[in-house]
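The values are calculated or read from the model by the stated rules, or taken from the named source; none is laboratory data. Predicted model only: the values in this text are computed from it and were never measured. In this analysis, Cβ positions are derived from the backbone assuming ideal geometry, glycine residues included, and neighbour counts consider all displayed protein chains.
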Amino acid sequence: MGIIVSGMRPTGKLHLGHLYVLENWVKLQKDYDCHYFVADWHALSTTFEENSSMKENTRQMVTDWLAVGIDPEKSVVFVQSDVLSHAELHLIFSMITPLSWLERVPTFKDQIHQLKEQGKDINTYGFLGYPLLQAADILMYKADAVPVGEDQLPHLELCREVARRFNYLYRPIFPEPQGLLARVPLLPGIDGRKMSKSYQNDIAIGAEPEVVKEKVNAMVTDPARIRKTDPGHPEVCIVHQYHSIYNADKLSELEEDCRGGKIGCVACKKLLVASLEQVMAPIRERRAEILKRPGYVEDVLVQGAVQARQKAEETMKEVRQVVSA
Ligand code: TRP
């Protein structure tokens, strides 16, 4: 069975944009030996000053993972910082990696620049080494494939380069993992910008029906449309973009009715709320079930850490042996 590794920073409750990433993780459990972890050290690389909610965010996020169908009986579910050897492997990789490899990772300069505009200086050693820590996360479990978003492909490229260099310098113990891009629909936030909790334009996975309704009601529609009978322009409407995912079968009909001024925005939004509820209800129910069992999420993570440490230790034994021969 192929080996899969993937991680997410602990951002707390997840939103609809994450749901498709998670559904892909859930599917992979059937055919692969999966390792899913909370990348809390990675989060520290940009938020070392605002670390107060790390534990709570981890708990919330893992609750969502389980509610969506990540199954701890099938997958190893753990927190990165519970497996200290990730740091050890990162250190060893840092010895063999030329600085220029890290400096040319596109996300490096981009993100420093972006965060500087928000008044944040992350010109740190840890931030530069971020993709190397990610390589350690992945190679530790000898992953064959890593389900990630497109933005992470440069990190995987670096991961393969590091594996190749290690294998060449010492002994060939690491595979060269491939990125697995899932088809994830582009879901904007309710204001049309990228969906993000920090913009408060997100819809949480398993949100209460009133909240979903409120969010959908706040969605930006065609500003030129004042009366129901005015012809609408679905191409500029966020609600319509959501319908293209949640009501794909009725899309052409909806579009026609909108352009012809036959369906108003209120009715159109009502329809979307109902479709979202179908997606949300089962997740909300499972979330509630999980929360009824005190200590369950913590137990899952303790068990996961035990399994992960065991696998990590096997790799580290090999690594130590060939590095300090
Ligand atoms: N860098 C990833 C992100 O920001 C998170 C991550 C850390 C990761 N380590 C990983 C993803 C290993 C896949 C595999 O989204």
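Take the conditions at pLDDT 95 or above and within 30 Å of residue 140 (Cα to Cα) and apply them to residue 297. Does it pass? I'd like the intermediate steps shown before the answer.
On the way: at pLDDT 95 or above: yes; within 30 Å of residue 140 (Cα to Cα): yes.
It is true that residue 297 is at pLDDT 95 or above and within 30 Å of residue 140 (Cα to Cα).
If I ask for residues that are in contact (Cβ under 8 Å) with a residue 60 or more places away in the chain and closer than 21 Å to residue 171 by Cα, which ones from the range 75-100 would you list?
85, 86, 88, 89, 92, 93, 96, 97
For the range 79-114, how many residues meet the condition of being surrounded by 17 or more Cβ atoms within 10 Å (Cβ to Cβ) and within 14 Å of residue 315 (Cα to Cα)?
Matching residues across the range 79-114 total 7.
Report whether or not residue 264 is surrounded by 14 or more Cβ atoms within 10 Å (Cβ to Cβ), free of Cβ contacts under 8 Å to residues at least 40 places away in the same chain and out of contact with any Leu (no Cβ under 8 Å at 6 or more places or on another chain). Please lay out each step first, then the result.
Details: surrounded by 14 or more Cβ atoms within 10 Å (Cβ to Cβ): yes; free of Cβ contacts under 8 Å to residues at least 40 places away in the same chain: yes; out of contact with any Leu (no Cβ under 8 Å at 6 or more places or on another chain): yes.
Yes; evaluated as a whole, the condition is true for this residue.
Suppose we keep only residues that are at pLDDT 95 or above and among the acidic types (Asp, Glu) within the range 27-54. Which one would you say is farthest from the ligand (Cβ to nearest atom)?
Across the range 27-54, the extreme among qualifying residues is 31.
Is at least one residue of the range 174-185 more than 19 Å from residue 29 (Cβ to Cβ), among the charged types (D, E, K, R) and modelled with pLDDT of 95 or more?
For the range 174-185, residues more than 19 Å from residue 29 (Cβ to Cβ), among the charged types (D, E, K, R) and modelled with pLDDT of 95 or more: present.
Give the range 27-43 a look and list any residue that's surrounded by fewer than 18 Cβ atoms within 10 Å (Cβ to Cβ) and in a helix (DSSP H, G or I), or say none.
We begin by selecting, within the range 27-43, every residue surrounded by fewer than 18 Cβ atoms within 10 Å (Cβ to Cβ); these are 27, 29-31.
Once the filter is applied, which keeps residues that are surrounded by fewer than 18 Cβ atoms within 10 Å (Cβ to Cβ) and in a helix (DSSP H, G or I), the range 27-43 yields only 27.
Would you call residue 325 in contact with a helix residue (DSSP H, G or I) (Cβ under 8 Å, 6 or more places away or on another chain) and either at pLDDT below 95 or assigned by TED's automatic domain parsing to the domain that holds residue 84 (or both)?
On the way: in contact with a helix residue (DSSP H, G or I) (Cβ under 8 Å, 6 or more places away or on another chain): no; either at pLDDT below 95 or assigned by TED's automatic domain parsing to the domain that holds residue 84 (or both): yes.
Spelling it out, it is not the case that residue 325 is in contact with a helix residue (DSSP H, G or I) (Cβ under 8 Å, 6 or more places away or on another chain) and either at pLDDT below 95 or assigned by TED's automatic domain parsing to the domain that holds residue 84 (or both).
What are the pairs, 6+ residues apart or on separate chains, where a residue within the range 7-19 that is within 14 Å of residue 37 (Cβ to Cβ) has its Cβ under 6 Å from a residue that is of a type outside the set (Asp, Glu) and near the ligand (Cβ under 10 Å from one of its atoms)?
Cβ pairs passing all conditions: 7/37; 7/39; 9/39; 9/42; 9/43; 10/38; 10/43.
Residues being in contact (Cβ under 8 Å) with a residue 40 or more places away in the chain and part of a loop (DSSP other than H, G, I, E, B): count how many of those fall in the range 197-212.
Going through the range 197-212 one residue at a time, the tally reaches 6.
Looking only at the range 158-175, which residues are surrounded by 15 or more Cβ atoms within 10 Å (Cβ to Cβ) and more than 19 Å from the chain's Cα centre (by Cα)? Before you say what the answer is, go through the steps one by one.
Looking only at the range 158-175, we keep the residues that are surrounded by 15 or more Cβ atoms within 10 Å (Cβ to Cβ), and these are 158-163, 165-167, 170, 173-175.
Within the range 158-175, 158, 160, 161, 162, 163, 165, 166, 167, 170, 173, 174, 175 meet the criteria.
Checking residue 243 against (1) under 17 Å from residue 20 (Cβ atoms); (2) surrounded by 19 or more Cβ atoms within 10 Å (Cβ to Cβ); (3) touching a residue at least 60 places away in the same chain (Cβ under 8 Å), only one condition comes out false. Which one?
Status for residue 243: all satisfied but (3).
Can you tell me which residue in the range 162-216 is nearest to residue 57 (Cα to Cα), limited to those that are among the basic types (Lys, Arg) and in the same structural domain as residue 146 (by TED's automatic domain parsing)? Before the answer, list the steps.
Step one: list which residues in the range 162-216 are among the basic types (Lys, Arg), which gives 164-165, 171, 183, 193-194, 197, 213, 215.
Subset that is in the same structural domain as residue 146 (by TED's automatic domain parsing): 164-165, 171, 183.
Working: 164: 35, 165: 36, 171: 39, 183: 27 Å.
Top of the filtered list is 183.
Kindly list the number of the only condition in (1) β-branched (Val, Ile, Thr); (2) surrounded by fewer than 20 Cβ atoms within 10 Å (Cβ to Cβ); (3) in contact with a helix residue (DSSP H, G or I) (Cβ under 7 Å, 6 or more places away or on another chain) that fails for residue 47.
(3)
Taking the range 283-297 on its own, how many of its residues are exposed (fewer than 13 other Cβ atoms within 10 Å of the Cβ) and among the charged types (D, E, K, R)?
Counting residues in the range 283-297 that are exposed (fewer than 13 other Cβ atoms within 10 Å of the Cβ) and among the charged types (D, E, K, R) gives 4.
Do we have residue 151 as of a type in the set (D, E, K, R), within 16 Å of the chain's Cα centre (by Cα) and either outside the structural domain of residue 314 (by TED's automatic domain parsing) or crowded, with 22+ Cβ neighbours inside 10 Å (or both) here?
On the way: of a type in the set (D, E, K, R): yes; within 16 Å of the chain's Cα centre (by Cα): yes; either outside the structural domain of residue 314 (by TED's automatic domain parsing) or crowded, with 22+ Cβ neighbours inside 10 Å (or both): no.
The answer is no for residue 151.
Within the range 1-26, count every residue that is within 22 Å of residue 115 (Cβ to Cβ), within 14 Å of the ligand (Cβ to nearest atom) and not in a loop (DSSP other than H, G, I, E, B).
4
Among the residues of the range 117-148, write down those that are farther than 23 Å from residue 312 by Cα and either hydrophobic (A, V, I, L, M, F, W, C) or not assigned by TED's automatic domain parsing to the domain that holds residue 307 (or both). Walk me through it before giving the result.
Going through the range 117-148, the residues farther than 23 Å from residue 312 by Cα turn out to be 117-125, 127-128.
Scanning the range 117-148 gives 122, 127, 128.
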